[in-house]
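One structure is given below, encoded as structure tokens.
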Amino acid sequence: MRSERYVQSHTIDSPLNDAIRVSRSMQPEFDGVAEVWFSSEQDLMEAMGTSEMQELSAELLQDEASFVDHTKSCAFIVQEREL
């Protein structure tokens, strides 16, 4: 089972980032966000159990080591709600 979508969103250098952060007393932004989309949590769990996903995860971790500091990052499962 494959993910439906993989998206990387890279933070841009914009004065709007500073303005939003200051107006809400927020922490500095991350360099970006990566999203992996599945139809359901069940689909994700099934995919995680496949050898294909385990191999892909190992490759991803190796690649991430060159640009992600996992000790300063987070990962979480979400449910999208369109407003």
Given F38, F30, which one is in contact (Cβ under 8 Å) with a residue 24 or more places away in the chain and touching a helix residue (DSSP H, G or I) at 6+ places or on another chain (Cβ under 8 Å)? F38
Could you run through the range 6-26 and say how many residues are open to solvent by 90 Å² or more (accessible area, probe 1.4 Å), among the hydrophobic types (A, V, I, L, M, F, W, C) and outside any loop (DSSP other than H, G, I, E, B)? 2
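Conditions tested, residue by residue: (1) among the polar types (S, T, N, Q); (2) surrounded by 10 or more Cβ atoms within 10 Å (Cβ to Cβ); (3) assigned to a loop (DSSP other than H, G, I, E, B); (4) in contact (Cβ under 8 Å) with a residue 24 or more places away in the chain.
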position: E46; (1), (2), (3), (4): no, yes, no, yes
position: L56; (1), (2), (3), (4): no, yes, no, no
position: L60; (1), (2), (3), (4): no, yes, no, no
position: T71; (1), (2), (3), (4): yes, no, no, no
position: V78; (1), (2), (3), (4): no, no, yes, no
Scan (1) of a type in the set (S, T, N, Q); (2) closer than 18 Å to R5 by Cβ; (3) exposed (fewer than 10 other Cβ atoms within 10 Å of the Cβ) for the single condition S66 breaks and write down its number. (2)
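Does S3 satisfy the condition of being assigned to a loop (DSSP other than H, G, I, E, B) and farther than 24 Å from F67 by Cα?
Against the criterion (assigned to a loop (DSSP other than H, G, I, E, B) and farther than 24 Å from F67 by Cα), S3 does not qualify.
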Are any residues in the range 33-44 surrounded by 12 or more Cβ atoms within 10 Å (Cβ to Cβ) and either of a type in the set (S, T, Y) or more than 19 Å from Q8 (Cβ to Cβ) (or both), and if so, which ones? D43
Quick one: E29 ticks every box in (1) surrounded by 10 or more Cβ atoms within 10 Å (Cβ to Cβ); (2) part of a helix (DSSP H, G or I) bar one, so which box is it? (2)
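The values are calculated or read from the model by the stated rules, or taken from the named source; none is laboratory data. Only a predicted model underlies this, so the values are computations on that prediction, with no experimental measurement involved. For neighbour counting, all protein chains shown are included, and Cβ atoms are generated from backbone atoms with ideal geometry for every residue, glycine included. SASA here: full protein model, heavy atoms, side chains in, ligands and nucleic acids out. Shrake-Rupley method; radii C 1.70, N 1.55, O 1.52, S 1.80 Å.
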